[in-house]
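The values are calculated or read from the model by the stated rules, or taken from the named source; none is laboratory data. Owing to the predicted nature of the structure, the values given are computational and were not obtained by experimental measurement. A quick note on method: Cβ atoms are made from the backbone with ideal geometry, for glycine too, and the neighbour counts reach across all protein chains shown. Areas reflect the complete protein model, heavy atoms only, side chains present, ligands, DNA and RNA absent. Shrake-Rupley method; radii C 1.70, N 1.55, O 1.52, S 1.80 Å.
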Amino acid sequence: MTFNADFLKLYFIGGSQDFKHPEDLLTQLEKLLDAGITAFQFRDKGPGSLTKDPTAQRELAEACQRLTRQYQVPFFVDDDVNLAIALHAEGIHVGQDDEAVTSLLQRIPDEMFVGLSCKTKEQVEIANQTPGIDYLGVGPIFPTSSKPDAGLILGLGTLTKLVQLSTRPVVAIGGITLDALPDILKTGAKGSAAIRLFADKADPATMLAPFA
């Protein structure tokens with residue numbers, strides 16, 4: 001699979017902590033894939049996740065990956081380099097506080113996609129000078145309950161400036177709502193990444209029909 005900026009259009013992020021039962025993630029993921037999401041990131045961390053049961057966590061990740069492969073949608077792993085390598089994931093996404101992206105790039109296969117979280121002009125400028133990064137995740141754009149420690153809210157104005165500065169395609173993240181999707185695209189960002197936007201919807205097909 002070759003990286004394509006269109007992967008960023010409708011980018012679902014989720015893990016066991018986002019659902020009452022881990023199997024509910026699989027049910028919702030399949031609905032979302034059928035509805036037209038363009039990428040999935042397995043982000044299983046924090047309270048309510050399977051981090052204390054690595055075997056169960058890996059089994060859930062593998063089950064998610066089997067679904068994404070059926071739909072030929074790229075499967076990303078958040079932060080966990082060892083898991084991404086073990087599963088031959090299409091990609092990995094890291095934040096500024098995770099493993100340094102330069103170290104990460106030395107560990108992963110050349111064909112693995114790499115996403116990096118950025119929220120400042122300085123971080124984007126450094127990313128511009130770092131070969132091997134495929135896209136930037138910029139946010140939080142709006143207030144979000146999914147990551148209480150997400151930091152300063154950027155807003156659409158700052159997103160526009162960082163998109164213009166970046167030499168990589170950008171996906172917006174943080175508090176994204178359905179109504180905000182058109183405005184996100186107007187900034188020049190290639191799409192939106194979200195947890196609650198996708199995880200909470202009972203009828204993804206109807207929700208995503210205008211955007212898929």
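For K201, a cut-off of 16 angstrom between C-alpha atoms picks up these lysines, skipping any fewer than 8 places away in its own chain: K20, K31.
Relative contact order of region 107-212: 23 percent, from C-alpha pairs under 8 Å at least 6 residues apart in sequence. The longest part of the chain holding none of the exposed loop trypsin sites (Lys or Arg not before Pro), meaning those outside H, G, I, E and B in DSSP with at most 14 other Cβ atoms within 10 Å, is 53-212.
Pull up all non-local amide H partners of H93: gap of 5 or more, or a different chain, and H-to-H distance under 5 Å with H placed in the peptide plane. It is V77, D78, D79, G115, by chain and number.
Annotation note: GluC sites (Glu not before Pro) in region 110-212 located in DSSP loop regions with a Cβ neighbour count of at most 15 within 10 Å are E111.
Placing +1 on each Lys and Arg Cβ and -1 on each Asp and Glu Cβ, with no other charges, gives the chain a dipole about its Cα centre of roughly 460 debye. Across the accessible surface of region 62-212, with the other protein chains kept in place and a 1.4 Å probe, carbon and sulfur atoms take up 52 percent. For the chain, the Kirkwood hydrodynamic radius from C-alpha pairs, put into Stokes-Einstein at 37 °C and a viscosity of 0.692 mPa s, yields a diffusion coefficient of 193 µm² per second. Largest first and in whole Å, the equivalent-ellipsoid semi-axes of region 34-79 read 21, 11, 8, each the square root of five times a Cα gyration tensor eigenvalue.
A viscosity of 0.692 mPa s and a temperature of 37 °C, combined with the Kirkwood radius over Cα pairs in Stokes-Einstein, give a translational diffusion coefficient for region 73-182 of 227 µm²/s.
Put simply, the amide H of I13, placed in the peptide plane, has neighbours under 5 Å in Q41, A194, I195, leaving out anything fewer than 5 places away on its chain. Once the chain from A202 to D24 is taken as fully extended at 0.36 nm per residue, the excess over their C-alpha distance is 62.9 nm. A compact globular protein would have a Cα radius of gyration near 2.2 N^0.38 Å; the ratio found for region 1-81 is 1.04.
Using C-alpha pairs under 8 Å with a sequence gap of at least 6, the mean separation divided by the residue count of the chain gives a relative contact order of 22 percent. Taking every alpha-carbon pair under 8 Å whose residues sit at least 6 apart, region 21-129 reaches a relative contact order of 21 percent. Every helix of 4 or more DSSP H residues in the chain counts as -39500 (n - 2.57), and over all residues that averages to -10000 deg cm²/dmol at 222 nm.
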